[in-house]
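Here's the structure we're looking at; comments come further down.
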Amino acid sequence: MTPDPRPFQMLGQALRAPQHPLRDAIDLVTRRDEASCVQALMADATLPPEQADAARNLALDLATRLRQRQVVAGRDGLVQALMQEFSLSSHEGVALMCLAEALLRIPDQATRDALIRDKVGDTDWAAHLGHSPSLFVNATTWGLMLTGKLVSTHGETGLLAALKRVAIKGGEPLIRKSVDVAMRLMGEQFVIGETIEQALRNARKHEAKGFRHSYDMLGEAALTEEDAQRYMQAYEDAIHAMAQDTQGRHPYDNPGISIKLSALHPRYCRSQYARVMDELYPRLLHLSTLACHHHIGLNIDAEESERLSLSLDLIERLCHEPALQGWDGIGFVVQAYQKRAPFVINYLIDLARRSGHRLMVRLVKGAYWDSEIKRAQIEGQVDYPVYTRKAHTDLAYLACARKLLAAPAEVYPQFATHNAHTLAAVRELAGPAFQPGQYEFQCLHGMGEPLYEMVVSAADQGGLGLPCRIYAPVGTHETLLAYLVRRLLENGANSSFVNRLADERIDLETLVESPLVSVLRHAEAEGVIGAPHPAIPLPLDLYGKHRPNSPGLDLHHEATLIQLHAELAREALPHIEVQPIVAQALPAHDASWHTVRNPAERRDTVGRVRWASLSEVDQAVQDSAACAR
């Protein structure tokens, strides 16, 4: 029977037209094996000996001065000391993170107190007592140790049980309040203001030192249309507030804004491509037009890897808008930890040439590593879209930086890093003769200012005289959760430069080691350049050799969708007709047939069925009885 063309027809209609060759190149390397990706980076990430030595010396100088001037007093010092003591490499650090993150989500006190008993009761807080010179950290440790001991003694009797009951009455509310205060304290460390007006006021002290700002209205992906409209209004209000003091200046000299596309639409995913283009794009265009009018740069922020292709489609369309011609404020964020980062930069440079824009390209290392790894494992993908070793990401960053600096007419590079060696290497790649508008550095509010104060200050004051823009989140305590957790993960990771700098046990020579040296050292031990981390198996090998993980499909990947559609079309089910199998069946007529549809896609027709009539059933029974006789 001839296959029915209707099944899977909607998938075929959703496939995009053939893409630009540079976009195809991006797709091809999405999950390429790590070693081949790293080996392809080596040439671009290698500095000539003289530049390598100069970068190392500058990095060592910056790290030495930074360690010597570490803040030991005030709010910044309290937060830094607490995060250093309770590192995420320790059981207690992970427990404290879980506790803080969860307490902000739990609405009722009873559940909060139950969580405190569970998380605080079995951790070795006493091991941290007296390690930190900070009175705040030691006081926190005493409170956690005391509460942990007392809430873990549920089975004891006598005096200990009595002490437990007394402490529980005051202890759990106390620790609940303490964690809330601690999270607010850290929130104030990483968030520049609760409103854009407050943020602009708070930014003045940094601007007086030579910093610029890019504001981010806190909040994660919109879950409803109401969420999206609220974020849209927040972005509009922020642009209008910044516009009070931007006239007559270039977007590079003005404050800018960073927007998350997932905040502008509740269905920002590949499966909803038509809705994204029809509903989200007009919102992006409106904000871009508003920013263009006020000479403000607008960066499309980076998100999870499966959204990259959608973001590239949107910026392609945006760059060809007649109303935005001549505006150098269109920005895009590239994550160096993604294997396809160099190919994304190739595409952006080509897009700039074709559209006549000089694009702002912010190069970051990436903030979603944990979730990228876990998602690939859950989905049973063939490989990871990100590198599994920090040194590989650092190497990719330098290779991408070289590409950006080699296209000065097409892109305005914005190098976001807190790593002294990365900073120094970028400066060497760019050359010592800095020209205004050539590039800028970027750092996170609450994390990078001590390092970059030495960068923005003039040469006669011991600085480098280079511009730096602070990425400055704006939002209330209720909206900072997801952002704060990412910053705590970033700061608390034992591979973090910020974390390692604060650890006096780590030699500064080791701290500023080139990623190339690290990669070659691993290669010497393992016999291959760029081998993935040995403790992170491929998704399909997650459960070991004897139990392969269930393989999955990357349904956000265009090449996978095209292949899937071809296979489904080739294997399309025939149009099925089912009717009663009885002797002397009555002649069928169209009115007696019923259409059967795919329950997952009601527009797909599987076939039709004709139910047996009462007369046919009666006849079948009579025939059976006659045969039995």
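The values are calculated or read from the model by the stated rules, or taken from the named source; none is laboratory data. Note that the structure is a prediction, hence the values are computed from the model and not measured. For neighbour counting, all protein chains shown are included, and Cβ atoms are generated from backbone atoms with ideal geometry for every residue, glycine included. Note: areas computed on protein heavy atoms with side chains; ligands, DNA, RNA excluded. Shrake-Rupley method; radii C 1.70, N 1.55, O 1.52, S 1.80 Å.
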(message) I'm checking my understanding of the structure. Among residues of the stretch 409-461 that are open to solvent by 40 Å² or more (accessible area, probe 1.4 Å) and over 25 Å from Gln68 (Cα atoms), which one is modelled with the lowest pLDDT?
(response) Pro432
(message) Condition first: within 23 Å of Ala323 (Cα to Cα), part of a strand (DSSP E or B), touching a helix residue (DSSP H, G or I) at 6+ places or on another chain (Cβ under 6 Å) and open to solvent by less than 10 Å² (accessible area, probe 1.4 Å). Can you find one or more residues in the stretch 231-239 that meet it?
(response) no
(message) Quick check on Ile345: is it in a loop (DSSP other than H, G, I, E, B), open to solvent by less than 10 Å² (accessible area, probe 1.4 Å), touching a residue at least 40 places away in the same chain (Cβ under 8 Å) and more than 30 Å from Leu542 (Cα to Cα)?
(response) no
(request) Please find, within the stretch 197-217, the residue that is nearest to Thr476 (Cα to Cα) out of those that are open to solvent by less than 10 Å² (accessible area, probe 1.4 Å) and part of a helix (DSSP H, G or I). (result) Ala199
(message) Tell me which helices (runs of 4 or more DSSP H) are completely within the stretch 360-436 and hold 2 or more residues being over 22 Å from the mean Cα position of the chain (by Cα), or say none if there are none.
(response) 390-405, 420-430
(request) Working only within the stretch 506-548, note down all residues that are among the hydrophobic types (A, V, I, L, M, F, W, C), under 21 Å from Asn57 (Cβ atoms) and without any contact (Cβ under 8 Å) to a residue 12 or more places away in the chain. (result) Ile506, Val517, Leu520
(request) Scan the stretch 529-548 for residues that are at pLDDT 95 or above and more than 16 Å from Tyr384 (Cα to Cα) and jot them down. (result) Ile529
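Name every residue in the stretch 506-529 that is of a type in the set (Gly, Ala, Ser) and open to solvent by less than 80 Å² (accessible area, probe 1.4 Å), in order of residue number.
Residues satisfying the conditions are Ser514, Ser518, Ala523, Gly527.
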